[in-house]
1. Identify the single condition in (1) surrounded by 24 or more Cβ atoms within 10 Å (Cβ to Cβ); (2) under 22 Å from B:SER14 (Cβ atoms) that B:PRO147 does not satisfy, given that it satisfies every other one.
2. Step by step: first the residues of the stretch B:75-97, then only those that are more than 26 Å from B:PRO158 (Cβ to Cβ) and in contact with a Ser or Thr (Cβ under 6 Å, 6 or more places away or on another chain), then the one that is surrounded by the fewest Cβ atoms within 10 Å (Cβ to Cβ). Which residue is that?
3. Could you please give the count of residues in the stretch A:208-247 that are within 21 Å of A:ARG193 (Cα to Cα) and more than 14 Å from chain B (Cβ to nearest Cβ)?
4. Can you name the number of the only condition in (1) of a type in the set (Asp, Glu); (2) within 14 Å of another protein chain (Cβ to nearest Cβ); (3) farther than 20 Å from A:VAL84 by Cα that A:ASP9 fails?
5. Before we move on, is B:LEU179 buried (at least 23 other Cβ atoms within 10 Å of the Cβ), within 14 Å of chain A (Cβ to nearest Cβ) and closer than 29 Å to A:SER97 by Cβ?
6. Across the stretch A:157-190, which residue is surrounded by the most Cβ atoms within 10 Å (Cβ to Cβ) among those that are charged (D, E, K, R) and in contact with a Leu (Cβ under 8 Å, 6 or more places away or on another chain)?
7. Only helices (runs of 4 or more DSSP H) wholly contained in the stretch A:25-132 count here; list those with 3 or more residues that are surrounded by 17 or more Cβ atoms within 10 Å (Cβ to Cβ) and at the interface with chain B (Cβ under 9 Å from one of its Cβ atoms).
Amino acid sequence: MVPAVVLADGPRLLVVEAGGPLPPVTCSLGATPPEAARRYALLADGDFPGPLVQAVRALPRESKVVAADPRWVEGLARAAGRPVRTATVAELRAARSRLDRTAGPEDRAFLLAVARRMLETALASPEEVLVALAREEDRLERALGREARAADHFLAVPGTLLETYAPAWEAARRDLERHHAQLLGLLEESARRVAPNLASLVGERVAGRLVAAAGSLPALARMNSSRLQLLGSRRRPSPVRGPRYGVLFRAVRMNDLPVARRGAYARSLAALAVVAARADATTHADVALRLIARRDRRIEELRRRDR
Amino acid sequence: MSRSPRAFRPTPDSPRLASVRAADRTELWTRTNGSDPSVYGERWAYARGEAYRAFEPARSKLSAGLVKGWEGPIPSEGEHWLYLGAASGTTASHVADLVGPTGRVAAVERSLRPFARLLALALRWPGLDPILGDAREPRGYATFVPPVEGIYADIAQPDQVEIVLANAALYLRGPGAALVVALKTASMGRDASAGQHVRRAEEELGVAFDLDPSVRLDPFHKGHYLVGGRSTDALFRGEVSTAPTRRRARSPGRS
């Protein structure tokens, strides 16, 4: 028998019955697009508007109830006190064909409100914030480098307008540096919160850059150490020159080593970093101290090496 | 920049797609009703009071297909299309141009950062509807997508054909609806050659579609092919299996 289909058409929830009335029972999700978007998001959590639940309860006992979106099934079944399953493609098509689909402007406003809301919810996670901050810091660092280099070969010819320009520019650059320092502070805090082990091991800045380069912390955790070592490098590794400079090359204790040893250190550090990232992504165990101990031991070993 | 109005020659079956003879080659342009600034750095031109945007084959697989002789359906005026894998909106903006002010494009993308740019774009492109969703779960966006005249898919996934079929079965309006798929053979598995992937895709799609000849998109997009055609009754009779396979979970250490 043809079931009753619960679906949404724009900011409205509908119950479409095979032999039922046309237009089908309609329940508006909200008066304004943001309100409707909020209520739409709640459907997946099982929070359905009262009138809709009533309508579903009022359906004859023999009717089967199906929902368009699989995420609604559990919540709707609980709210309506009757079994609900996901609609098949055929059932959904049949139900939709009975609708009078003239999309009005409120449909687009609703769609945009839902899109904005979903994007904001997803971007509000601490991990996304870290990625955003790391990318911002990267851009800012590049900008500062460009400004500094330009300032180096700028000639403030005395007695011309350039002389008055130079100090204003310098003040602007100092402001930018201060802004960068502030951003670094935020980045450090964010990295410590999102990936504490990795931040302790390679430094917060590099940790942020690694997560950003991988796209997400779980993505970073899935990598093997050779891939992690290459994150952030623009060039391909070569058998002659070795892997090129990735983000890891700017890790915390790289400067303690002579240049000839840095490749070996990067390799070992990458292996440790992978362990740290995996701990941060899954178990959240505190392995930082042990990893740091290994790292420092390796540094001593490399320093003692003769050739 | 202004060009002589005569220079923009609309193509016969798609009045909003224009060809322009320039130097040694023919360029493709789309008539737009979005607003400046440019979406991805493309050139704009004005003629007869209309704005046109250059449709570069190097940036857009659809354009590359057209340049390389794609004879299958393309979005045209007044149609409603579903675009799977819209990313930042480079090609999606042109699809929106092609369907014009009376048509619409439902652009589905699941990655957050490209979607943010797509959303910002949609605010100044009236026919573009951005949807944050996974093409693997077509029911997730049924609220926003009515029956459509065509689907354009550019998703680099190993099971892209299955995903496309699932969406087609649910959203295409009926027999004769259009399908255009940009096949990235490199994403489909290292175990078979590009040609084998294309043949397998054609076999799977051929059950439900009358396919037009596939077009190789080299040199613009290496290893990519444009595949597609018009739907037959078979798609709507439930003869096609429409469950996309779950990707196998990736284990740590996989490079």
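1. (1)
2. So the first thing to find is which residues in the stretch B:75-97 are more than 26 Å from B:PRO158 (Cβ to Cβ), and the list is B:75-80, B:93-94, B:96-97.
From what is left, the residues that are in contact with a Ser or Thr (Cβ under 6 Å, 6 or more places away or on another chain) are B:76, B:78, B:94, B:97.
On the way: B:SER76: 20, B:GLY78: 13, B:HIS94: 29, B:ASP97: 27.
Among residues in the stretch B:75-97 that are more than 26 Å from B:PRO158 (Cβ to Cβ) and in contact with a Ser or Thr (Cβ under 6 Å, 6 or more places away or on another chain), the one surrounded by the fewest Cβ atoms within 10 Å (Cβ to Cβ) is B:GLY78.
3. Here the count works out to 4.
4. (3)
5. Working: buried (at least 23 other Cβ atoms within 10 Å of the Cβ): yes; within 14 Å of chain A (Cβ to nearest Cβ): no; closer than 29 Å to A:SER97 by Cβ: yes.
So B:LEU179 fails the test.
6. Step one: filter the stretch A:157-190 for residues charged (D, E, K, R), giving A:163, A:170, A:173-175, A:177-178, A:188-189.
Pick out the ones that are also in contact with a Leu (Cβ under 8 Å, 6 or more places away or on another chain) and you get A:173, A:177.
Values: A:ARG173: 16, A:GLU177: 14.
The selected residue is A:ARG173.
7. Values: elements: A:33-43, A:50-57, A:73-80, A:89-97, A:105-123.
Helices (runs of 4 or more DSSP H) meeting the threshold: A:89-97, A:105-123.
Here is a yes/no grid of residues against (1) over 24 Å from B:GLY238 (Cβ atoms); (2) touching a residue at least 24 places away in the same chain (Cβ under 8 Å); (3) touching a His at 6+ places or on another chain (Cβ under 7 Å):
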position	(1), (2), (3)
A:ALA4	no, yes, no
A:LEU7	no, yes, no
A:PRO51	yes, yes, no
A:ALA55	yes, yes, no
A:LYS64	no, yes, no
A:ALA79	yes, yes, no
A:ARG82	yes, yes, no
A:ALA90	no, no, no
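Values quoted throughout were computed directly from the atomic coordinates according to the rules given, and no laboratory measurement underlies them. As the structure is a prediction and not an experimental result, all values here were calculated from the model. Neighbour counts run over all protein chains shown; Cβ positions are idealised from the backbone, glycine included.
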